[in-house]
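Written out below as structure tokens is the structure these notes cover.
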Amino acid sequence: MDIVDCHAHVASSRYIPDEFFDGWIENIEANALSMNVRQREVLANVFREINNDPMCDEYISQMDAAGIRRSVLLIIDFKYVYGEPFDDMLEIYRLHKEVVDRHPGRFICYAGVDPRRGQAGVDLLQTGIRDFGFEGLKLYPPCGFSPSDERLYPYYEVCEAYGVPVLSHIGPTTPSLSFSFSRPEGIDEAARRFPKVNFVLGHAGSTHYQEAAVLAEYRPNIFLDVSGFQAAARRGEFDALMSFHKKQGIVNKLLFGTDWPIHRLLGNQKKWVQEFIALQEKKILSTGELERIMAGNFNRIYTSRLRCAA
Ligand SMILES: [Zn+2]
């Protein structure tokens, strides 16, 4: 069976800063009520370790073990939150291209841009697609903007022209970022105004999965990536979540994803692929439905010539 992971990142503190994981540790600490300095340090080191595979060599070996043919590497523009390391996005694009070239045929890259960069950001996106061969736009609204912000319209025009999708993070994230723009309905206006652009809601809406499912049901150009389901699996709610999507009639809108390396602590890539294959054995999904989620639906989010020509 063909398998495409539509949501992954290059594991490196250069692209996912330590502050990102430090926020998670703060949450674990707050919920556990007590954590001594030593425990905190151990936890910080664990997160540093999972976030250290800058050339994706470890990720490739996990993809091979799991039978994942291709993965989408999403670049995030954190400039307006974490500052200076993200000033030179072009260099970050170049480094991602190096990873793509190192493992021919295995990775697709999406350009990350914050719309507050204005025209320079639009140029950046265009350079990413045209010169680096990137095949989508990744947005991270918790950095402080709505995905329906008018400043993004020129970016969506570029996506429309090249026939590439937009994948936006949805749901709460590390506490150093804003949760104000993380609801699925934030995409609605953009999706309505740009019916030829396909929008993928990250993590199938995460904690707002019902709202996301309604959008996927009613808007032809809204899809859901199911990455982050690992949290539901840990709670024993994965089967129920997938049954919910099936009952909603939106199986053809679901894209398999893992959000590598974020959930590495919960299990390897093979384990997550097997969780999906087990859905077929449990008769929650048919073989055809499983195949579409694992790869078929991903191909459908490409609407035009760019991909056909590739
Ligand atoms: Zn992600």
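The values are calculated or read from the model by the stated rules, or taken from the named source; none is laboratory data. Given the structure is predicted, the values throughout are model-derived calculations rather than measurements. Here the Cβ is made from the backbone with ideal geometry for all residues, glycine too, and neighbour counts use every protein chain on show. Only protein heavy atoms, including side chains, enter the accessible area calculation; ligands, DNA and RNA are left aside. Shrake-Rupley method; radii C 1.70, N 1.55, O 1.52, S 1.80 Å.
Here are a few things to note about the model shown:
- Straight-line cross-link reach from LYS97 at under 18 Å between alpha-carbon atoms covers these lysines, not counting any fewer than eight positions away in the same chain: LYS138.
- For LYS247, the lysines whose Cα falls under 16 Å of its own Cα, not counting residues fewer than eight places away in the same chain, are LYS282, LYS283.
- Alpha-carbon gyration tensor eigenvalues x 5, square-rooted, for the chain, Å: 26, 25, 20
- Across the chain, the mean sequence separation of Cα contacts (distance under 8 Å, 6 or more residues apart), normalised by length, yields a relative contact order of 20 percent.
- Most mobile of VAL37, VAL99, VAL46 in a GNM of the chain (Cα contacts under 10 Å): VAL37
- Net charge of the neighbourhood of PHE86, taken over other residues with C-beta under 11 Å away and scored Lys/Arg +1, Asp/Glu -1, is -3.
- Dipole size of region 84-156 about its Cα centre, with +1 on Lys/Arg Cβ and -1 on Asp/Glu Cβ: approximately 240 debye, rounded to the nearest 20.
- Simple spin-label estimate for ARG151 and ARG192 in nanometres, 7 Å along Cα-Cβ: 2.3 nm
- Computed in the context of the full set of protein chains, the accessible area of the chain at 1.4 Å probe radius has 50% of its extent on carbon or sulfur.
- Dipole magnitude for the chain: computed about the Cα centre from +1 point charges on Lys and Arg Cβ and -1 point charges on Asp and Glu Cβ, it is near 860 debye.
- Distance between the C-alpha centres of region 233-252 and region 67-116: 30 Å, rounded to the whole angstrom.
- Looking at region 1-81, the trypsin sites (Lys or Arg not before Pro) that sit in a DSSP loop and have at most 16 other Cβ atoms within 10 Å of their own Cβ are ARG14, ARG69.
- Accessible surface, per residue, of the chain when the full set of protein chains is kept, probe 1.4 Å, Å²: 42 Å²
- If the chain linking ASN31 and THR287 were pulled fully straight, counting 0.36 nm for each residue of separation and taking away their Cα-Cα distance, it would gain 88.1 nm.
- Label-reachable residues, region 46-66, where backbone N falls under 14 Å from a point 7 Å from ALA278's Cα toward its Cβ: none
- Stretching the chain fully between ASP22 and ARG40 yields a gain of 5.5 nm (0.36 nm per residue, less the alpha carbon separation).
- Per-residue ellipticity at 222 nm, computed for the chain from helices alone with -39500 (n - 2.57) per DSSP H run of at least four residues, works out to -13000 deg cm²/dmol.
- Loop-located trypsin sites (Lys or Arg not before Pro) in region 212-310 whose Cβ has at most 14 other Cβ within 10 Å (DSSP): ARG235, LYS282, LYS283
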